[in-house]
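> First, the structure itself, so that you have it in front of you.
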Amino acid sequence: MAEQHGGPPAPHNGGESLLLPGHGELILVVDDDEKLVKALARMLRSLGFSVLTALNGSEAIEVIRGCSTPIDAVLADVVMPKMGGKELVDRLATDGVHPGVIYMSGYDDPVQLAPVLKSGAPLLHKPFTLHALVVVLRSVLDKRMGR
């Protein structure tokens, strides 16, 4: 089920907190594990990111089509029913949508991972730490913004 989570929490001091790694960037989290999606969304929001979620690539395309704000980054599982992460990113590119991309996978099968590795996008192996996710996500976002 697709779910939208609001923007980052309001800073307590009335200004933007410099301690949060997120600055309201919109992240789409796509994984067929609903508990993981909800946990990642909750954690990313607490760090200052805005988050949309989907449980497979097909659902993610519908979420993006229904969203008026451009997606800054997609965090997508490689292997999902209906449409996996790589196919999702390829479809988005065909539609002219080019967010930053981070893949995640619990699989080590080189055949399944080869297309993702060839793409040059970062791949996080599950389970990963929140710190590892934030470091990679911030890097992908900053590269897109020319920082």
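> Which residues, counting only those in the stretch 100-114, are touching a helix residue (DSSP H, G or I) at 6+ places or on another chain (Cβ under 6 Å) and surrounded by fewer than 16 Cβ atoms within 10 Å (Cβ to Cβ)?
The answer is none; no residue qualifies.
> Which residue is surrounded by the fewest Cβ atoms within 10 Å (Cβ to Cβ), if the candidates are limited to the stretch 58-76 and must be over 11 Å from the mean Cα position of the chain (by Cα) and assigned to a helix (DSSP H, G or I)?
Filtering first and then ranking leaves ARG65.
> Give the residue, chosen from SER119, SER139, that is of a type outside the set (Phe, Trp, Tyr), more than 14 Å from the chain's Cα centre (by Cα) and surrounded by 13 or more Cβ atoms within 10 Å (Cβ to Cβ).
Matching residue, one of SER119, SER139: SER119.
Here is a yes/no grid of residues against (1) more than 24 Å from ASP142 (Cβ to Cβ); (2) of a type in the set (Asp, Glu); (3) in contact with a helix residue (DSSP H, G or I) (Cβ under 6 Å, 6 or more places away or on another chain):
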site: THR53; (1), (2), (3): no, no, yes
site: ASN56; (1), (2), (3): yes, no, no
site: ALA60; (1), (2), (3): no, no, yes
site: CYS67; (1), (2), (3): no, no, no
site: PRO70; (1), (2), (3): no, no, no
site: LEU75; (1), (2), (3): no, no, no
site: VAL89; (1), (2), (3): no, no, no
site: THR94; (1), (2), (3): yes, no, no
site: HIS98; (1), (2), (3): no, no, no
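> Here's something else I'd like to know. Please specify each residue of the stretch 89-102 satisfying the condition of being part of a helix (DSSP H, G or I), under 14 Å from the mean Cα position of the chain (by Cα) and over 13 Å from SER119 (Cα atoms).
LEU92
Only the coordinates and a few stated rules stand behind these numbers; no lab work does. None of these values were measured; they are calculated from a predicted model. Glycine gets a Cβ as well: all are built from the backbone with ideal geometry, and neighbour counts include every protein chain shown.
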